[in-house]
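Report on the structure given below.
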Amino acid sequence: MQTIVEKIKKELEAFQPQPIEEEVGTVISVGDGVATIEGLGKAGMMEMIQFDESSGKSLESALAQKETLFGMLLNLEEETVKAVILGEGSRVTEGMKVKRLGRVLSIPVSDGMLGRVVSALGEPLDGKGDIAEGVERPLERIAYGVIDRAPVNTPLQTGIKAIDATIPIGRGQRELIIGDRGTGKTTITIDTILNQKSIPEATRPICIYVAIGQKESKTARLVHELATRGALSYSIIVTASAAESAALQFLAPFAGATIGEYFMEKGKDALVIYDDLSKHAVAYRQLSLLLRRPPGREAYPGDIFYLHSRLLERAAKLSPERGGGSLTALPIIETQEGDVSAYIPTNVISITDGQIFLDTDLFNKGMKPALNIGISVSRVGSAAQTKAMKKVAGRIKLELAQFRELEAFMQFSSDLDAQTRERIEKGERLSALLTQNKYEPLPLAQQVASIYAGVNGFFDKTPLLKISETEKRLLTYLENNHAKVLQKIAETGDLAADTETELKQAIESFFKAMA
Amino acid sequence: MRPTYYAQALAGVLAGKEERDLKGILVRLKEVLRLRGHQKLLPAIMRACTLELIKRERASIVTMRTVSGASQKEILEQYGEMLPKEYTLRAVADPTLASGFVLETQHRRIDASGKRALRELYQKILVQ
């Protein structure tokens, strides 16, 4: 208490009010979250402005107002400027004075944001108190150039066998997750965040989940899930729910990228998930139409591609001279009835370094994650895989590719030759092996062991419906009785000859005991 | 050619003119519009010109808000360079200022009020 009193005394002693000169404008109209302002002739694009609500109010009322109302200039016209209101539009009235702040929109970023839920402006929303003061970083930044980047060669382990084996993602890559509603897109990203818990803290990526236009109940459930499973301590949630204004929904992904860049520039790895960019495009369309910008295809503004390209280009793997950090982006796009040739999906597909397609039919057949491996791709590929995974993944991809070709003939199984029938059965077993429950990501060593057993025919005699159960029992057996083998794979990232022999023997002993 | 361009030119011509000159100016304007084929713009030009004249009048208003409402010559002399060459001074009483003054032109403001200073001090203490 005394320290606070001393601080107040110090401030009062140093109190020497000086007149300040400001450039001001006047609100001439306001509606739908957009204010038209006369004046501010020297203001720049995306400059922050502050609405002066205290004019005409007593000192007491002015002090009682805790939150300052800001805006961002998005249209610079001949006589007026238009600004989006970053808060409650009802607080702005016609005739209100507005002052320039002389800087582009920025948010405070610090390590104190870890484990917190924040708004698109960096304000805490989880009721855990203020966040420790950090550095102000602009929301919009030009992405790193070619010279400052290094090749992507470190894997981002999602913990999902189907992805890590066949569509590997590297740190610094942009991998799109695309599919219809309810196909498990968000689940893949949550599993990825949960899996980072198994990575040592020194190399564990900071996870940033950006919820754009989502239901608040969904975001709350997600936060609860992460907290329960101990993943919140290395995560940050940025949320602009469906109840927020279009301006905040538009800014949220940029806030996520800004936070990610903060950690990337400190030499750390970061992962940012944009859930989802379809809603982001809709919010930007709404803003642009309210700003009277000319509409283009499907009423989206002409720069909708640039909106997403400049956002996603900020994901990078930096060179050692720049600290060697990385920012991996997992944008999500929701399609309508599987139409990946629509406007926004095609835009984002062309920007990203690969896509993971989630198929509704596969989901309904019970294959979860419902990955359509045939049309999913990672342009980074095996450069982002450990040696151990490369050894087993190559074979599973080949087997699955052959299975997909023969899948159409499954209905004629009794008329097929033995070799074809064997391929189909093997493919079915491998597909069943790649199914995985929600919130149960597997660390690298367990994935390698499981896939190794699958491609080497150890599951050939296991009934199809018992594959998942048998796999779980195998992994438990290995963890309890042959933990050293798994540890070797985890530490070295390789499946050396001697390790492979040990693993093979361990798996053989399990199946012998089962028989 | 936009109506606002004509309006700005017309407002400039009308500045400082007497009412008896108005008719002659408007006749001349109509002639120019006829020669250019822009007669249909006349209603929009007149509307824009009205707005332009209001804007110019507003630009010449300087508001000084003090607690008592009395204008202070010293303040006007001190901040003379930010004021327009010809201006109309409005002295407004604003007891909410607590102390000091606020001097406003159309697009600039000098805020030397006690309210602003105390509010900043309060926020500074609150943040710490």
So which of A:G172, A:G145 ends up being within 30 Å of A:T346 (Cα to Cα), without any contact (Cβ under 8 Å) to a residue 24 or more places away in the chain and in a loop (DSSP other than H, G, I, E, B)? A:G145
Where B:A7 falls short, out of the listed (1) open to solvent by less than 50 Å² (accessible area, probe 1.4 Å); (2) assigned to a loop (DSSP other than H, G, I, E, B): (2)
Which one of the conditions (1) touching a Pro at 6+ places or on another chain (Cβ under 9 Å); (2) at positive phi does A:G213 fail to meet, given that it meets all the rest? (1)
From the list A:I451, A:I489, exactly one residue is closer than 22 Å to A:K197 by Cβ, surrounded by 19 or more Cβ atoms within 10 Å (Cβ to Cβ), aliphatic (A, V, I, L, M) and touching a Lys or Arg at 6+ places or on another chain (Cβ under 7 Å). Which is it? A:I451
Would you tally the residues in segment A:185-223 being open to solvent by less than 30 Å² (accessible area, probe 1.4 Å) and either aromatic (F, W, Y) or without any contact (Cβ under 8 Å) to a residue 12 or more places away in the chain (or both)? 1
Just a yes or no: is a residue in segment A:456-471 surrounded by 14 or more Cβ atoms within 10 Å (Cβ to Cβ) and in contact (Cβ under 8 Å) with a residue 60 or more places away in the chain? no
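Go through segment A:77-117 and tell me which strands (runs of 3 or more DSSP E), entirely inside it, have 1 or more residues that are within 14 Å of chain B (Cβ to nearest Cβ) and closer than 21 Å to A:E38 by Cβ. Full working, then the answer.
Details: elements: A:80-86, A:97-104, A:106-109.
Here the list reads A:80-86, A:97-104.
Inside segment B:63-107, can you point out the residues that are part of a loop (DSSP other than H, G, I, E, B) and either more than 10 Å from chain A (Cβ to nearest Cβ) or charged (D, E, K, R) (or both)? Break it down stepwise before answering.
Of segment B:63-107, the ones part of a loop (DSSP other than H, G, I, E, B) are B:67-72, B:79, B:83-87, B:94, B:98-100, B:105-107.
B:V67, B:S68, B:G69, B:A70, B:S71, B:Q72, B:L83, B:P84, B:K85, B:E86, B:Y87, B:D94, listed by residue number.
Output the residues belonging to segment A:65-98 that are aliphatic (A, V, I, L, M) and in contact (Cβ under 8 Å) with a residue 40 or more places away in the chain. If you could, list the steps in order and put the result at the bottom.
We begin by selecting, within segment A:65-98, every residue aliphatic (A, V, I, L, M); these are A:69, A:72-74, A:76, A:81, A:83-86, A:92, A:96, A:98.
Listed by number, the residues that qualify are A:M72, A:L74, A:V81, A:A83, A:V84, A:I85, A:L86, A:V92, A:M96, A:V98.
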Need pairs with beta-carbon distance below 6 Å; first residue open to solvent by less than 20 Å² (accessible area, probe 1.4 Å) and within segment A:374-392, second of a type in the set (S, T, Y); sequence gap 6+ or separate chains. A:V392/A:Y452
Filter result for A:E60 (free of Cβ contacts under 8 Å to residues at least 24 places away in the same chain, surrounded by fewer than 16 Cβ atoms within 10 Å (Cβ to Cβ) and not in a loop (DSSP other than H, G, I, E, B)): yes
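How many residues are of a type in the set (A, V, I, L, M), part of a helix (DSSP H, G or I) and either closer than 27 Å to A:N372 by Cα or outside the structural domain of A:V272 (by the TED database) (or both) when one looks only at segment A:183-225?
First pass over segment A:183-225, keeping only residues of a type in the set (A, V, I, L, M): A:188, A:190, A:193-194, A:199, A:202, A:206, A:208, A:210-212, A:220, A:222-223.
Those left that are additionally part of a helix (DSSP H, G or I): A:188, A:190, A:193-194, A:202, A:220, A:222-223.
Then keep just the ones that are either closer than 27 Å to A:N372 by Cα or outside the structural domain of A:V272 (by the TED database) (or both); that gives A:188, A:190, A:193-194, A:222.
So the answer is 5.
Are any residues in segment A:221-242 more than 15 Å from the chain's Cα centre (by Cα) and within 18 Å of A:S278 (Cβ to Cβ), and if so, which ones?
Across segment A:221-242, the qualifying residues are A:S241, A:A242.
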Residue list for segment A:443-498, restricted to those being outside any helix (DSSP H, G or I), under 34 Å from the mean Cα position of the chain (by Cα) and not hydrophobic (A, V, I, L, M, F, W, C): A:P443, A:G493, A:D494
Qualifying residues in segment B:108-128 (those that are within 7 Å of chain A (Cβ to nearest Cβ) and open to solvent by 60 Å² or more (accessible area, probe 1.4 Å)) - the one modelled with the lowest pLDDT: B:Q128
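Just one of A:D126, A:D130 is part of a loop (DSSP other than H, G, I, E, B) and away from chain B (no Cβ under 14 Å); which is it? Give the steps one after another, and end with the answer.
Values: A:D130 fails: away from chain B (no Cβ under 14 Å).
None of the other options fit; the residue is A:D126.
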When the residues of segment A:149-184 are filtered to those that are open to solvent by 10 Å² or more (accessible area, probe 1.4 Å) and among the β-branched types (V, I, T), which remaining residue is nearest to A:L398 (Cα to Cα)? A:T166
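The values are calculated or read from the model by the stated rules, or taken from the named source; none is laboratory data. These numbers were taken from a predicted model, which means no experiment stands behind them. Glycine also receives a Cβ, built like all others from the backbone with ideal geometry; neighbour counts cover every protein chain displayed. Just so you know, the surface numbers come from the protein's heavy atoms only, side chains and all, with ligands and any DNA or RNA stripped out. Shrake-Rupley method; radii C 1.70, N 1.55, O 1.52, S 1.80 Å.
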